[in-house]
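In what follows, a single structure is set out as structure tokens and then discussed.
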Amino acid sequence: MVPIDVSSLQQSWPKPNAPRPIVIIGAGGIVNDAHLPAYEMAGFTVAGVFDIDGDKAKALAAKWNITAFATLDEAIATPHAVYDLALPPAAHLSVLPKLTDGASVLLQKPMGRDLAEASAILKLCRDKHLVAAVNFQLRFAPMMLAVRDAISRGYLGDLIDTEVHLNLVTPWHLFPFLNGMPRVEIAVHSIHYLDLIRAFLGNPSGIHARTMGHPSTELAQTRTSALIDFDDGVRTTLSINHHHGFGRKFQDASFRFEGTRGAAMIKLGLLLNYPEGETDELWIVQKGEDWQQVSLNGGWFPHAFIGTMSNLQRFAAGEDKTLLTSVEDAWHTMALVEAAFQSAASPATPIKATP
């Protein structure tokens, strides 16, 4: 086996050679916490921000010393802009038709509220010839890029077992737009993991899932279990609990990749004590060797948001051959999400009650 060179693993996506100005539509917390810090870190120019709540846009613009557009039309009219639609899923279909044909646009995930909306978004993007991607930024987090690179170099061999395990407390009150939504946990949180699993393993053949709420919240779902099937027998599981409010000791946010030659363990530090978070971690090993920690150059937030915007701009400029999270690809993640909810709504196999 080739020894693992942890210091040379890829952790960032190359930036565009000639970055275009970014127009952000939507001024929610994620823009302040991730989009704007990432773009500032990358040296990208933000032309301005628009929100239907003008006061919110003005406050955000003042904090970051950018322009607050008075109207959506004014925002869209920015010359040579790339549009960052940091919107709730229900809003995409109201904004996309107003963009110029052929525009470059990054949509906040999910790609609509369900597969029907995802299909409508896909059709609209095709009809308008939009260069459109969905912000599935976990793919571009430093630790995930490093794992992908390690797999491509053969360090882990063939992936045969993948597991996502979350047992923590998520402050759902920070996301008021989720109140009243019929689909929550899988649609807005575990969708990241489903998308990443697809990125590493391809499209699965099926999914068995259960998703449910919790007595402490009125949100539709905040706990999920899932088993994902692949034709080649790869075992993939998710165990997600956002309500372990019994102290930090046994809280966990981990992603395990296990192959025929080696394994990688990831700590999703962002999710522990969110939004302050803890440091992300990546450990990697080959059979017969000791575990090595990879020194990470950044975390999921905000660094991964540089990657999605860079890939979009580079693809639009012809510098990248593939738009990794294109709407064409993202539709398949939405199909997996849809299948998960359908599975969750189906009855379990009954247990024989009598001998």
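What nm value, rounded to one decimal, do you get for the distance between TRP283 and GLU40 when each label is placed 7 Å out toward the C-beta?
It is 3.5 nm.
Run the dipole for the chain about the Cα centre, Lys and Arg Cβ at +1, Asp and Glu Cβ at -1, nothing else charged, and hand back the magnitude in debye, nearest 20.
Numbers: 28 positive and 36 negative charges, 39 e Å.
For this selection, approximately 180 debye.
Can you give me the pair-distance distribution of the stretch 1-116, C-alpha pairs, 10 Å bins, whole percents?
Binned Cα distances yield the sequence 12, 41, 29, 10, 6, 2.
Give the percent of DSSP beta bridges with both residues in the chain that are antiparallel, rounded to the nearest 5.
60 percent
Rank-order 340-350, 11-21 by packing density, defined as the average count of other C-beta atoms within 10 Å over each peptide's residues, highest first.
The packing order, highest mean first, is 11-21, 340-350.
Per residue of the stretch 247-263, in order, report the coupling 6.51 cos²θ - 1.76 cosθ + 1.60 (Karplus, θ = phi - 60°) as ³J(HN,Hα) in whole Hz, putting x for Gly and Pro.
These are the phi-based 3J(HN,Hα) values: x, 6, 3, 10, 5, 8, 8, 9, 10, 10, 10, 10, x, 6, 10, x, 8 Hz.
May I ask you to rank ILE24, ILE306 by accessible area, largest first, using a 1.4 Å probe over the protein chains only? Provide the component values of the computation, followed by the final result.
Details: ILE24 0, ILE306 25 Å².
Final ranking, largest accessible area leading: ILE306, ILE24.
How long are the semi-axes of the equivalent ellipsoid of the stretch 1-61, taking √(5λ) for every eigenvalue λ of the Cα gyration tensor, in whole Å from largest down?
So the equivalent ellipsoid measures 34, 14, 8 Å along its semi-axes.
Can you tell me, using C-alpha contacts under 8 Å and at least 6 residues apart, the relative contact order of the chain as a whole percent? Don't skip to the end; give the middle numbers.
Working: 705 pairs, mean separation 79.0, N = 355.
Value for the chain: 22 percent.
Per the Kirkwood definition applied to all pairs of different Cα atoms, how many angstroms is the hydrodynamic radius of the stretch 66-197?
Values: mean 1/r = 0.0578 Å⁻¹.
Result for the stretch 66-197, one decimal place: 17.3 Å.
Percent of Cα-Cα pairs per 10 Å bin, from 0 to the last occupied bin, for the stretch 258-325, please list those.
Spelled out bin by bin, the stretch 258-325 gives 18, 30, 32, 19, 1 percent.
In sequence order, what are the phi-derived ³J(HN,Hα) couplings for the stretch 283-291 according to the Karplus relation 6.51 cos²θ - 1.76 cosθ + 1.60 with θ = phi - 60°, rounded to whole Hz, with x for glycine and proline?
These are the phi-based 3J(HN,Hα) values: 10, 9, 8, 10, 3, x, 10, 8, 4 Hz.
Using a 1.4 angstrom probe, figure out how much accessible area the chain has per residue, in square angstrom, rounded to the nearest whole.
Values: 15760 Å² over 355 residues.
That works out to 44 Å² for each residue.
How long is the stretch 199-273 along each principal axis, judged by its Cα atoms, biggest number first, in Å?
Ordered largest first, the stretch 199-273 gives principal extents of 40, 26, 17 Å.
Measure of size requested: the Rg and Dmax of the stretch 172-301, with Cα atoms as the atom set and Å as the unit; please supply both.
Rg, Dmax (Cα atoms, Å): 16.3, 51.
Set the Förster distance to 51 Å, then compute FRET efficiency between ALA317 and ASP161 from the Cβ-Cβ distance, nearest 0.05.
Details: r = 39 Å, r/R0 = 0.76.
The pair ALA317/ASP161 has a calculated efficiency of 0.85.
Using the Kirkwood formula over every pair of different C-alpha atoms, what hydrodynamic radius in Å results for the stretch 152-231? The partial results should precede the final answer.
Values: mean 1/r = 0.0690 Å⁻¹.
Kirkwood hydrodynamic radius for the stretch 152-231: 14.5 Å.
What list of ³J(HN,Hα) values in whole Hz, one per residue of the stretch 204-213 in order, does the Karplus curve 6.51 cos²θ - 1.76 cosθ + 1.60 (θ = phi - 60°) give from phi, with Gly and Pro shown as x?
Using θ = phi - 60°, the values come out as x, 8, x, 8, 10, 9, 9, 9, 8, x Hz.
Given the peptides 137-144, 262-269, arrange them by the average over their residues of other C-beta atoms within 10 Å, most packed first.
Numbers: 137-144: 25.8, 262-269: 21.8.
In decreasing order of mean packing, 137-144, 262-269 become 137-144, 262-269.
Quick one: net charge of LEU196's neighbours, Cβ under 13 Å, K/R +1, D/E -1? If you can, show how the numbers build up before the last one.
On the way: positive: LYS109, ARG139, ARG148, ARG198, ARG256; negative: GLU163, ASP195, ASP329.
Charge balance near LEU196 sits at +2.
If R0 is 45 Å, what FRET efficiency do you get for MET1 and LEU227 from their C-beta distance, rounded to 0.05? Write down the numbers at each step before the final one.
On the way: r = 30 Å, r/R0 = 0.67.
After rounding, the FRET efficiency stands at 0.90.
Would you mind putting 61-73, 87-99, 285-297 in packing order, based on average other-beta-carbon counts within 10 Å, highest first?
On the way: 61-73: 15.2, 87-99: 17.2, 285-297: 13.5.
Output ranking for 61-73, 87-99, 285-297: 87-99, 61-73, 285-297.
Net charge near PRO14, counting Lys/Arg +1 and Asp/Glu -1 over other residues with Cβ under 13 Å of its Cβ?
Numbers: positive: LYS15, ARG314, LYS321; negative: GLU319, ASP320.
Net charge around PRO14: +1.
Put a dot 7 Å past each Cα toward the Cβ at SER239 and LEU201; how far apart are the dots in nm?
Computed distance between label sites LEU201 and SER239 equals 1.6 nm.
Please give me the summed charge of the neighbours of PHE255: other residues whose Cβ is under 13 Å from its Cβ, Lys and Arg +1, Asp and Glu -1.
On the way: positive: ARG139, ARG148, ARG256, LYS267; negative: ASP161, GLU163, ASP195, ASP252, GLU258, ASP280, GLU281.
Local net charge: -3.
Just to be sure I understand the curve: with the Debye formula and one point per C-alpha of the chain, what is log10 I(q)/I(0) at q = 0.06, 0.09 Å⁻¹?
Once normalised to I(0) and log-transformed, intensities are -0.22, -0.50.
Taking amide H positions as placed 1.01 Å from N in the peptide plane, with prolines and chain starts having none, which residues 5 or more places from PHE69, or on another chain, fall under 5 Å of its amide H?
Answer set, sorted by chain and number: VAL49, PHE50.
Projected onto the charge dipole of the chain (+1 at Lys/Arg Cβ, -1 at Asp/Glu Cβ, origin at the Cα centre), which of HIS208, THR325, VAL6 gives the Cα projection farthest towards the positive end?
Checked the options; the winner is HIS208.
The values are calculated or read from the model by the stated rules, or taken from the named source; none is laboratory data. Keep in mind that this is a model prediction, so the values were computed, not measured. Backbone-built Cβ (ideal geometry, glycine too); neighbour counts: all protein chains shown. Quick note on the areas: whole protein, heavy atoms, side chains included, nothing else; ligands and nucleic acids left out. Shrake-Rupley method; radii C 1.70, N 1.55, O 1.52, S 1.80 Å.
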